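The values are calculated or read from the model by the stated rules, or taken from the named source; none is laboratory data. Just so you know, these numbers come straight off a predicted model, no measurement behind them. No Cβ is skipped: glycine too gets one built from the backbone with ideal geometry, and neighbour counts run over all protein chains shown.
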C-alpha cells in the first residue's frame, strides 16, 4: 500500500510539472512578437511600375518611403519625370569675368552638359474620413554636377485647389555621391534626413532648404568623397475636401529648384497658379520646373 501511494504521489508531481511547462510555453508563445517580413525590392518595384512609375525614379526613391507607400497600397495619381541639362551660371552682371576665367581653365567637357532630372509624383493614401482625401506629394531631383558654389540651395512645390498640409509630414532627404580621392571608388552618403520645411503657405505650397556639398569624409574607407551627383527628395502629406459625389478632379502641381551662387539669402514664396518663386532671384540659378496634373475622384480610398 505504501508503495502504491508513493507511486501515485510521484505520478501527480510529474503531471503537475508537465502542466506547468505547457502553460509556461504557451505564455512564451503569446508574448513572442511576430514581425511581418519586409517585402522584397522587386515586389515593391513591380507594384509601382504597374502604375506607371519609371524604374529610374524607383532606383533613387528612399527605401523607407517605398515600404510605407507599398504597405498601405497607395494609388499613384500623378507621375511626371523629365530630364534636361542644367549648368551653374552666375548672373551676367556679376562674376562674369570670374566664370569666364574659371571655365577656360577647365576641360571642354567639364561643368557644361550636366544632367538635371526632376520628378513630381502624387499618391492617394487611405483615409477614413468621408469627404476628405489624403495625398502624398513628392518632388524629386537629381543633379549630376560638381558645382563651384556650394551654399544653401532651396526648392519647393506649389499646387492648386487649396490642398492643406498635415502637420509634421514635410520631409527632406539629400544624398550625395561621387568618387573617393584616394582609391577612386564610388562613394555615397545620405547627408540630410529631416522632418522640416523652409516656408509653407496654406493651400498653395511648401519648400525646403539644404547645404549642397562638394565633398565629405567617405563613410566606408579612408579619404574624401568628391561629389558629382546630388539627389534630393521633398515630400508632404496633404488633405483635400470633396463632396463625395464621385466626380473627376484635377490638381495642378509644380516643383522648382534654386541653386544659390550669390551672397544674399532669398525667401521662397508660393502661389496657386501653381508656381514657386524666390526673393533676391538674381542670386540664384532657377532650374527647369517639374510640372504635372494629378487626376483623382471625389471619393474616398478607405483603409483596409
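Values for this structure:
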item	result
Failed item in (1) within 22 Å of the chain's Cα centre (by Cα); (2) within 19 Å of residue 149 (Cα to Cα); (3) surrounded by 17 or more Cβ atoms within 10 Å (Cβ to Cβ), with residue 187 passing the rest	(2)
Residues (over 18 Å from the mean Cα position of the chain (by Cα) and over 22 Å from residue 254 (Cβ atoms)) located in region 33-86	33, 34, 35, 36, 37, 38, 39, 40, 42, 43, 46, 50
Test: residue in region 222-234 that is surrounded by fewer than 18 Cβ atoms within 10 Å (Cβ to Cβ), assigned to a loop (DSSP other than H, G, I, E, B) and in contact with a strand residue (DSSP E or B) (Cβ under 7 Å, 6 or more places away or on another chain)	yes
Single match in 202, 219 (criterion: within 30 Å of residue 241 (Cα to Cα), in contact (Cβ under 8 Å) with a residue 24 or more places away in the chain and loosely packed, with under 13 Cβ neighbours inside 10 Å)	202
Those residues of region 268-290 which are part of a strand (DSSP E or B), farther than 11 Å from residue 157 by Cβ and in contact (Cβ under 8 Å) with a residue 24 or more places away in the chain, in sequence order	269, 271, 278, 284, 285, 286
Residue among 200, 123 that alone is within 23 Å of residue 80 (Cβ to Cβ), under 15 Å from the mean Cα position of the chain (by Cα) and at pLDDT 95 or above	123
Matching residues, region 122-173, being outside any strand (DSSP E or B) and touching a helix residue (DSSP H, G or I) at 6+ places or on another chain (Cβ under 8 Å)	148
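Residue by residue, here is whether (1) out of contact with any helix residue (DSSP H, G or I) (no Cβ under 6 Å at 6 or more places or on another chain); (2) in a helix (DSSP H, G or I); (3) over 25 Å from residue 193 (Cβ atoms); (4) at pLDDT below 90 holds:
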{"site": "18", "(1), (2), (3), (4)": "yes, yes, yes, yes"}
{"site": "22", "(1), (2), (3), (4)": "yes, yes, yes, yes"}
{"site": "65", "(1), (2), (3), (4)": "yes, yes, no, no"}
{"site": "69", "(1), (2), (3), (4)": "yes, yes, no, no"}
{"site": "80", "(1), (2), (3), (4)": "yes, no, no, no"}
{"site": "84", "(1), (2), (3), (4)": "yes, no, yes, no"}
{"site": "107", "(1), (2), (3), (4)": "yes, no, yes, yes"}
{"site": "119", "(1), (2), (3), (4)": "no, no, no, no"}
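Residue-wise test of (1) surrounded by fewer than 19 Cβ atoms within 10 Å (Cβ to Cβ); (2) on the phi > 0 side of the Ramachandran plot; (3) assigned to a strand (DSSP E or B).
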site: 239; (1), (2), (3): yes, no, yes
site: 249; (1), (2), (3): yes, no, yes
site: 263; (1), (2), (3): yes, no, no
site: 266; (1), (2), (3): no, no, no
